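Shown next, in structure tokens, is the structure this report addresses.
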Amino acid sequence: METKRLIYLDNNATTPVDPRVVDTMLPYFYDKPGNAASRSHPFGWIAEEAVDYAREQVANLISADPKEIIFTSGATESDNLGLKGVFEMYASKGNHIITTRTEHKAVLDTCQKLEKSGGQVTYLEVGPDGLISLEDLKAAITDKTILVCIMWANNETGVIQPMKEIGDICAAKGVLFMSDATQAVGKIPVNPRETGVHIMAFTSHKMYGPKGVGALYVSRKNPRVKVTAQMDGGGHERGMRSGTLNVPGIVGFGKAAEIAKAEMAADAARLSKLRDKLEAGLCQLEETYVNGNKDHRMPHVTNISFKHVEGEGLMMTFNKNIAVSSGSACTSASLEPSYVLVSMGLGDDLAHSSIRFSLGRFTTEEDVDFAVEAVSKGVNHMRDLSPIWEMYKEGIDLNSVVWSAH
Amino acid sequence: MAYSEKVLDHFQNPKNVGTLDKSKKNVGTGLVGAPECGDVMRLQIEVDEASGIITDAKFKTFGCGSAIASSSLATEWLKGKSIDEALTIDNMDIVEELALPPVKIHCSVLAEDAIKSAILDYRKKNGIEAEAETVNNHA
């Protein structure tokens, strides 16, 4: 590990901004500084035109109408607006929301808040492969159900839910279908209308655009959906989200969407090959397990548990050279492992041993080769240090050991 | 989160990694923590029976960088100490030496538990019950 290489395999956390996106944004900081809501001078007109164009680019990526795109500050805000906005707008129809245990915290924490405001939330379990059961979903829908909210692709495992089937169930039962598609948009084809998704949250910074800008897709016809604004002010974004628009950010988001549409297929094909190579290389190590359904997942993600090695410690062996993320958060007295992996039925020990590798547009084959070598070395080093690896090798059944909980 | 230089040094060059023969009468073994909690420490001491001095100490730890550094440091401190001196090692000494942040204090607690547990094991094996302190299990 003498080399100074720094390899970024944490693209599910955020992606670098594509240089082409940066170039498109730059004029909107100084040369074209207008407020898109200023109707009385050219500065405002230019800004408004730029926002309109970006709105078309973003809509185009998901085959939507530009009027169906509400710009926000990011996916967390979009998730909040979608959930709270529907809960308030459709309060007379019911108070029941169905979601899953493996959603992002932006959905789970918002649902918890709604429960405190009189909402009823059903959290669907997932199977060992991370997928929900359609039968469970059907059984959970009641006449009080106003919304089903299920993420398109999981951030930790990359597992893709059966979106079309869920959309069909929601359509048959006449309930709204919302999706947090943050990890999917820009990486795989996403078409909410065809899929039966009525409300959809996504963001720019997971698709090579800038941070601080996202969108909520809100269906305008069949059905026409409305959400109650959560931010009051000047009535921007058709009254659903007030606040001066982040013009440079939105311009960048638009460009990122345009590039994603053009290059998605090629990127995905290249990255899935690299991901498979990474996975195959690391699975040469003993007692190594891939988490999540391998047939229904994003092309650029793999989540691997290295048994008897603690994830955060493992990361420390190579984090000067390789950036990844771990399902183990050894940062509190309670030492909570990833709730996503635990929901999939992984034992806490395997959840503590997991690492997420997420590749991106700028990942090279050389990066992958380097990562396989460095991570393998790290795993072997940590296993040499691990008392439970030694016990496992001696044939001791770890389940028979009486551990001292602390 | 940034680790202190001392944690990084112990992590990259851990001292006294290994296994002592636990069947020997003068070897005490402490195994604390649990895999599902994300850390397990095994700390062993070898004691010179005549003088009661710890002549060797080894560890293996499953855990984060701070847990590994805490156990590595503990083995360094144990060597050359008498059993009674070893019992005075407090987890806060480890926190201070390694500059552990508050979220990592449990790693030092585990190391103190491991020391006490290894000593207890040694004393039990040798029928020394008198001053045997009960190990805090920090439940």
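The values are calculated or read from the model by the stated rules, or taken from the named source; none is laboratory data. Just so it is clear, the structure is predicted and the values come from calculations on it, not from any experiment. No Cβ is skipped: glycine too gets one built from the backbone with ideal geometry, and neighbour counts run over all protein chains shown. Note: areas computed on protein heavy atoms with side chains; ligands, DNA, RNA excluded. Shrake-Rupley method; radii C 1.70, N 1.55, O 1.52, S 1.80 Å.
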Quick one: in the stretch B:37-57, which of the residues that are in contact with a strand residue (DSSP E or B) (Cβ under 9 Å, 6 or more places away or on another chain), farther than 25 Å from A:Ser326 by Cβ and assigned to a loop (DSSP other than H, G, I, E, B) is nearest to the other protein chains (Cβ to nearest Cβ)?
B:Gly52
When the stretch A:270-299 is checked residue by residue, the ones that are open to solvent by 40 Å² or more (accessible area, probe 1.4 Å) and over 13 Å from A:Val379 (Cβ atoms) are A:Arg270, A:Lys273, A:Asp276, A:Lys277, A:Ala280, A:Lys294, A:Asp295, A:His296
Answer with yes or no whether A:Lys138 is open to solvent by 50 Å² or more (accessible area, probe 1.4 Å), more than 17 Å from A:Gly82 (Cα to Cα) and part of a helix (DSSP H, G or I).
yes
Which residues, taken from the stretch A:99-126, are open to solvent by 50 Å² or more (accessible area, probe 1.4 Å) and over 16 Å from A:Ile150 (Cβ atoms)?
A:Asp109, A:Gln112, A:Lys113, A:Glu115, A:Lys116, A:Ser117, A:Gln120
Would you call A:Thr302 open to solvent by 30 Å² or more (accessible area, probe 1.4 Å), within 30 Å of A:Ile259 (Cα to Cα) and polar (S, T, N, Q)?
no
Would you confirm whether any residue within the stretch A:327-345 is open to solvent by 40 Å² or more (accessible area, probe 1.4 Å) and in a helix (DSSP H, G or I)?
yes
Can you tell me which residue is farthest from the other protein chains (Cβ to nearest Cβ) among those in the stretch B:15-36 that are modelled with pLDDT under 95, open to solvent by less than 70 Å² (accessible area, probe 1.4 Å) and not in a strand (DSSP E or B)?
B:Lys15
Considering the stretch B:37-52 alone, what residues qualify as being surrounded by fewer than 23 Cβ atoms within 10 Å (Cβ to Cβ) and among the acidic types (Asp, Glu)?
B:Glu46, B:Asp48, B:Glu49
Of the candidates A:Val197, A:Val213, A:Val185, the one satisfying the condition of being aliphatic (A, V, I, L, M), crowded, with 19+ Cβ neighbours inside 10 Å, modelled with pLDDT of 95 or more and closer than 22 Å to A:Leu271 by Cβ is A:Val185
Residues that are more than 10 Å from the chain's Cα centre (by Cα) and buried (at least 24 other Cβ atoms within 10 Å of the Cβ): list the helices (runs of 4 or more DSSP H) wholly contained in the stretch B:58-121 that include at least 1 such residues.
B:65-78, B:91-98
With the condition being of a type in the set (Phe, Trp, Tyr), I'd like the helices (runs of 4 or more DSSP H) fully within the stretch A:1-102 carrying at least 3 qualifying residues.
A:42-61
Looking at (1) touching a Lys or Arg at 6+ places or on another chain (Cβ under 8 Å); (2) under 28 Å from A:Val185 (Cβ atoms), find the lone condition where A:Thr288 falls short.
(2)
Expected output for the stretch A:208-221 (first residue more than 17 Å from A:Asp23 (Cα to Cα), partner of a type in the set (A, V, I, L, M, F, W, C) and assigned to a loop (DSSP other than H, G, I, E, B), Cβ below 6 Å, 6+ apart or cross-chain) is A:Tyr217/A:Ala64; A:Val218/A:Val225; A:Ser219/A:Val225
Which condition number in (1) free of Cβ contacts under 8 Å to residues at least 40 places away in the same chain; (2) within 14 Å of A:Asp180 (Cβ to Cβ) is the one that A:Ser92 fails?
(2)
Sort out which residues of the stretch A:284-304 are assigned to a strand (DSSP E or B) and in contact with a Gly (Cβ under 8 Å, 6 or more places away or on another chain), and write them in order of number.
A:Arg297, A:Val301, A:Thr302, A:Asn303
Against the conditions (1) of a type in the set (A, V, I, L, M, F, W, C); (2) more than 30 Å from B:Pro102 (Cα to Cα); (3) assigned to a helix (DSSP H, G or I), where does A:Leu350 fall short? Just the number, please.
(2)
Among the candidates B:Ser82, B:Ser72, residue that is modelled with pLDDT of 95 or more, among the polar types (S, T, N, Q) and in contact with a His (Cβ under 6 Å, 6 or more places away or on another chain)
B:Ser72
Inspect all residues belonging to the stretch A:246-258 and state whether any of them is assigned to a loop (DSSP other than H, G, I, E, B) and more than 21 Å from the chain's Cα centre (by Cα).
yes
What pairs come out if I take residues in the stretch B:113-125 that are under 14 Å from B:Thr61 (Cα atoms) and within 12 Å of chain A (Cβ to nearest Cβ) and pair them with residues that are assigned to a helix (DSSP H, G or I) and among the small types (Gly, Ala, Ser) whose C-beta lies under 8 Å away, six or more apart or interchain?
B:Ala114/B:Ser71; B:Ala114/B:Ala74
